[in-house]
Amino acid sequence: MTGLVSDTAMLMAAGLGKRMRPLTASTPKPLVRVAGQPLIDRALDRLEEAGVAKAVVNVHYLADAIEAHVGPRNAPKITFSDERDVLLETGGGMVKAHSAGLLPDPFFACNADSIWLDGPRNAFADLSSRWNPERMDALLLVVGHARAFNFDGTGDFYMDGHGCLKRKVAGRIAPFIYTGIQLVSHRLLRDPPEGKFSTNILWDRAIAEGRLFGIAFTGNWYEVGTPEHIRPTEEALRGG
């Protein structure tokens, strides 16, 4: 493993994909194709290129299809975290995989439907180079509006000169958007709520303790949340 602080990433693939309907009526969102390739394959290819050896994939909705598609892959080597019984959301999903001993400290986490093109440096190498476990519970890859395509929201975070993150103030625009990629310490997952919950709960605690940090992505990031996002993303990828 070259230049990375972890050999493992958790790929969040359990969601229902409601915003992507009707395409997700019979296909899980991670298997929706963009420019001929399933979304989850694009994410796994980026992990392989970065040198991430293992991927923990959580599954719930149409889990059999995802397992059949990515299970045979060798790079990264796939392990599944089964959430068929109950969808645990992002925070609960990480806690379940952590409790099963599947996640080292630290580990990368990545949405299975993320699409990004790296800038001068690989995203996971960038996160690794900035990681400081003494100061950080999580390090988020964030992107400015100019590099976020198909995104029409008002942003998620403010970031100071040291990389410390704060939440957007209501009614204002925040300059940074969360890409769906982060580097996570086991400390973030301590004393979690029971059952299903969002990672936002853990982030809020880290913010209060001054331990949630970000790094600005130098490449291009594409939101693929609805069917309408697919064509412009395909056109951009062809151009890139």
Suppose the filter is closer than 23 Å to Thr226 by Cβ, acidic (Asp, Glu), within 18 Å of the chain's Cα centre (by Cα) and modelled with pLDDT under 95; does Asp152 pass it? no
Kindly list the number of the only condition in (1) outside any loop (DSSP other than H, G, I, E, B); (2) touching a residue at least 12 places away in the same chain (Cβ under 8 Å) that fails for Asp64. (2)
I need every pair where a residue in segment 1-14 that is within 26 Å of Thr27 (Cα to Cα) and of a type in the set (D, E, K, R) has its Cβ under 8 Å from the Cβ of a residue that is surrounded by fewer than 21 Cβ atoms within 10 Å (Cβ to Cβ) and at pLDDT 95 or above, sequence separation at least 6 or different chains. none
In the set His69, His60, the lone residue that is within 30 Å of Gly239 (Cα to Cα) and either modelled with pLDDT under 95 or of a type outside the set (A, V, I, L, M, F, W, C) (or both) is His69
Segment 163-186 residues that are part of a loop (DSSP other than H, G, I, E, B), paired with ones that are buried (at least 23 other Cβ atoms within 10 Å of the Cβ) and at pLDDT 95 or above (beta carbon under 6 Å, 6 or more apart): Gly163/Phe213; Gly163/Gly214; Ser185/Pro106; Ser185/Asp137
Of these, Ala146, Ala138, which one is touching a strand residue (DSSP E or B) at 6+ places or on another chain (Cβ under 8 Å) and either closer than 17 Å to Thr218 by Cα or not polar (S, T, N, Q) (or both)? Ala138
Out of the residues in segment 205-240 that are farther than 21 Å from Leu117 by Cβ and surrounded by 13 or more Cβ atoms within 10 Å (Cβ to Cβ), which is farthest from the chain's Cα centre (by Cα)? Gly210
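Residues are listed down the side, and each one gets a yes or a no for (1) under 22 Å from Glu83 (Cβ atoms); (2) surrounded by fewer than 14 Cβ atoms within 10 Å (Cβ to Cβ); (3) of a type in the set (D, E, K, R):
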site	(1), (2), (3)
Phe108	yes, no, no
Ile115	no, no, no
Glu134	no, yes, yes
Asn150	no, no, no
Ile173	no, yes, no
Phe176	no, no, no
Gly180	yes, no, no
Leu183	no, no, no
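The values are calculated or read from the model by the stated rules, or taken from the named source; none is laboratory data. All values derive from a computational prediction rather than experimental measurement. Note: ideal-geometry Cβ built from the backbone for every residue, glycine included; neighbour counts use all protein chains shown.
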